[in-house]
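A short worksheet on the structure shown next.
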Amino acid sequence: MSDLLLTAYGGSILGPIAKLLGWIMDRIYVLLANIGIENIALTIFIFTVFIYLCMFPLTYKQQKFAVLTRKMQPELKAIQDKYKGAKDQDSMQKQQMETQALYDKYGISMTGSCGYMLIQMPILFALYRVFYNVPAYITSVKNVFGGLVSGIIATDGYADKMQSIYDGANLRLQTTPDFGAADSDVVSNFIVDVLYKLPTSGWDAVTSAFPDLTSSIDSVIAKLEKINYLFVLNISDTPLNLIKAGWSSESKNFAVIICALLIPVISYLTQMANIKLTPQATEGQSEQMAAQMKTMNLMMPLMSLFICFTVPVGLGLYWIAGAVVRIVQQYFLNKHFEKIDLESIIEKNKDKAAAKAEKRGIRQAQIYEAARMSTKSSMSDKANLVKDNEDALKAADELRSKASSNSLAAKANLVKEFNEKNNK
C-alpha cells in the first residue's frame with residue numbers, strides 16, 4: 001500500500017475503499033504475471049468474480065427476501081386495503097403494527113432490500129476511481145513508466161513539453177498537473193498519469209517532443225499494448241473518446257469504433273438478460289406499482305447503456321462481467337428456490353415473530369410509562385407552582401395588614417379596601 005501514487009483518490013469514504021480494491025487488484029495482477037499473463041482486462045474479470053463470490057451470502061439473503069416478499073404480497077395488499085384512506089393516528093399505528101407483524105411472520109426486514117445496494121454502490125463508485133487511474137493502485141503498471149519518466153525529467157524544458165502534450169490530448173485528470181512542482185515525486189506521478197491516458201496520436205507527440213527517448217517510448221507502448229488493451233481498446237479510455245478518435249483518424253479505424261460500441265451495447269444486453277432472469281413480484285401489486293416496476297426495468301439498462309459511453313472501458317467491462325456472474329448466480333438461485341419449502345420457513349419464523357412482538361410490546365410499554373411519568377411530573381410541577389403563588393399572596397396580605405399607618409403599604413391597603421367596597 002505504501003507504493004500507491006499520490007494521485008490516488010483521497011476521499012474520506014471512497015478513498016480507503018478504492019485503495020483496498022486497488023490492492024486486491026494488484027495482488028491478482030501479480031499472481032497472473034507470475035504465470036506469464038499480464039493483462040488488466042483479465043485482472044478485472046477475475047477481480048469481478050472474486051468480488052461477487054465474496055458478496056454471495058448477501059446476494060442469497062437478498063434473493064430470499066425477494067422470494068418471501070412475493071409470497072406475502074397478497075397479505076400486505078390486504079392490510080393496505082383495510083386501512084385505505086385512514087388518516088387518524090390510531091389507524092396508522094395499527095396499520096404499521098400489522099405490517100411489521102407480517103414482515104416478522106415471513107422473517108424479513110422492511111429495509112432488507114436496501115442492504116445489497118448500500119454495499120454495492122460504494123464499491124462501484126470506488127472501482128470507477130481505480131479503473132480511471134490504474135497506475136495509482138497497481139504498482140506493476142506504474143513501474144512500466146519508470147525509465148521513461150526518469151528520462152523525461154532529465155530533459156531540458158520537459159515541463160513545457162509535457163504541458164503541451166497534456167493540452168493537446170484534451171485529457172481529464174483528477175488533479176490538474178503541475179509539471180513545475182518542487183516535489184519530484186508529485187511531478188513523476190503527474191507524468192505517469194498523462195502517459196497512461198494518452199491515445200495513439202498522443203504518443204506521436206511524445207516522440208516528437210523527446211526524440212532522444214524513442215527507444216524507451218517504443219518499449220512502453222509495446223508493454224501497454226500487452227497489459228492495458230482489450231483487443232484494440234485502451235481500457236483506461238472511454239468508449240465515446242475511442243469512437244471519436246477512430247472516426248477522426250485518416251483511415252477511419254472501424255475496428256476501434258465497432259469494439260468501442262460493443263462495450264455499452266453488451267452492457268445493456270447483459271443487464272436486460274439479468275432482469276429477465278430475475279423473478280418479478282407482480283402478485284398483489286396495484287396496476288400503478290406494476291407499471292412503475294416495468295418502467296424501471298426498462299430505464300435502468302438504458303441508463304447503463306448511456307453511462308457506459310462516458311466511463312472508462314475497464315468499468316464497462318466490470319459491469320459486463322458482473323452481469324454475467326449475476327446471470328449465472330440467478331439461474332442456480334432460481335433452481336434452488338423452486339425446491340425449498342417456503343411454508344416450513346414461515347413456520348420456523350413464528351417463534352421469532354412472537355419474540356419480536358413481545359419485545360416491541362415491552363418497549364412500547366416503556367415509552368407509555370415514560371410519557372405518563374413525564375405528564376405526571378409536569379402536572380405536579382404546575383400544582384406546586386400554584387401553591388407557591390398562593391403562599392406568596394398570603395404572605396403579602398399579612399405584611400400589608402401589619403404595615404404602619406403612614407407607610408406606603410398602609411395607603412395601598414386603604415385603596416384596596418375602597419375598591420372592594422365599590423365593587424360590591
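Here's the yes/no breakdown for (1) closer than 30 Å to S184 by Cβ; (2) in contact with a Phe, Trp or Tyr (Cβ under 6 Å, 6 or more places away or on another chain):
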| position | (1), (2) |
| --- | --- |
| V67 | no, yes |
| A78 | no, no |
| D88 | no, no |
| Q100 | no, no |
| I108 | no, yes |
| L124 | no, no |
| Y137 | yes, no |
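Is at least one residue of the stretch 254-276 basic (K, R) and within 25 Å of T43 (Cβ to Cβ)?
no
Under the condition of being surrounded by 12 or more Cβ atoms within 10 Å (Cβ to Cβ) and among the polar types (S, T, N, Q), which residue from the stretch 62-90 is nearest to N349 (Cα to Cα)?
T69
Answer yes if at least one residue in the stretch 131-153 is surrounded by fewer than 19 Cβ atoms within 10 Å (Cβ to Cβ) and among the hydrophobic types (A, V, I, L, M, F, W, C), and no otherwise.
yes
Quick one: count up the residues across the stretch 207-254 that are surrounded by 15 or more Cβ atoms within 10 Å (Cβ to Cβ), aromatic (F, W, Y) and either free of Cβ contacts under 8 Å to residues at least 24 places away in the same chain or over 27 Å from Y158 (Cα atoms) (or both).
1
Being among the hydrophobic types (A, V, I, L, M, F, W, C), assigned to a helix (DSSP H, G or I) and surrounded by 13 or more Cβ atoms within 10 Å (Cβ to Cβ): is that true of L127 here?
Yes.
If a residue must be among the basic types (K, R) and buried (at least 20 other Cβ atoms within 10 Å of the Cβ), how many such residues does the stretch 154-199 contain? Even if it seems obvious, please write down each step before you answer.
Residues of the stretch 154-199 among the basic types (K, R): 161, 172, 197.
Retained after the next criterion (residues that are buried (at least 20 other Cβ atoms within 10 Å of the Cβ)): 197.
Residues in the stretch 154-199 being among the basic types (K, R) and buried (at least 20 other Cβ atoms within 10 Å of the Cβ): 1 in total.
Under 6 Å between Cβ atoms, at least 6 apart or on separate chains: pull out the pairs that start in the stretch 109-128 with a residue that is within 17 Å of I13 (Cα to Cα) and of a type in the set (G, A, S) and end on any residue that is assigned to a helix (DSSP H, G or I) and at pLDDT 70 or above.
Close Cβ pairs satisfying both conditions: A126/L14; A126/I17; A126/A18; A126/L21.
Within the group L317, L305, which residue is in contact with a Pro (Cβ under 6 Å, 6 or more places away or on another chain) and among the hydrophobic types (A, V, I, L, M, F, W, C)?
Sole residue among the options that is in contact with a Pro (Cβ under 6 Å, 6 or more places away or on another chain) and among the hydrophobic types (A, V, I, L, M, F, W, C): L305.
Residue under question is T7, and the condition is that it be under 29 Å from L342 (Cα atoms), of a type in the set (S, T, N, Q), at pLDDT below 85 and under 26 Å from the mean Cα position of the chain (by Cα); does it hold?
Considered against the rule, which asks whether it is under 29 Å from L342 (Cα atoms), of a type in the set (S, T, N, Q), at pLDDT below 85 and under 26 Å from the mean Cα position of the chain (by Cα), T7 comes out as no.
The values are calculated or read from the model by the stated rules, or taken from the named source; none is laboratory data. Computed from a predicted model, the values in this text were never measured in an experiment. Positions of Cβ are backbone-derived with ideal geometry, glycine not excepted, and every protein chain shown enters the neighbour counts.
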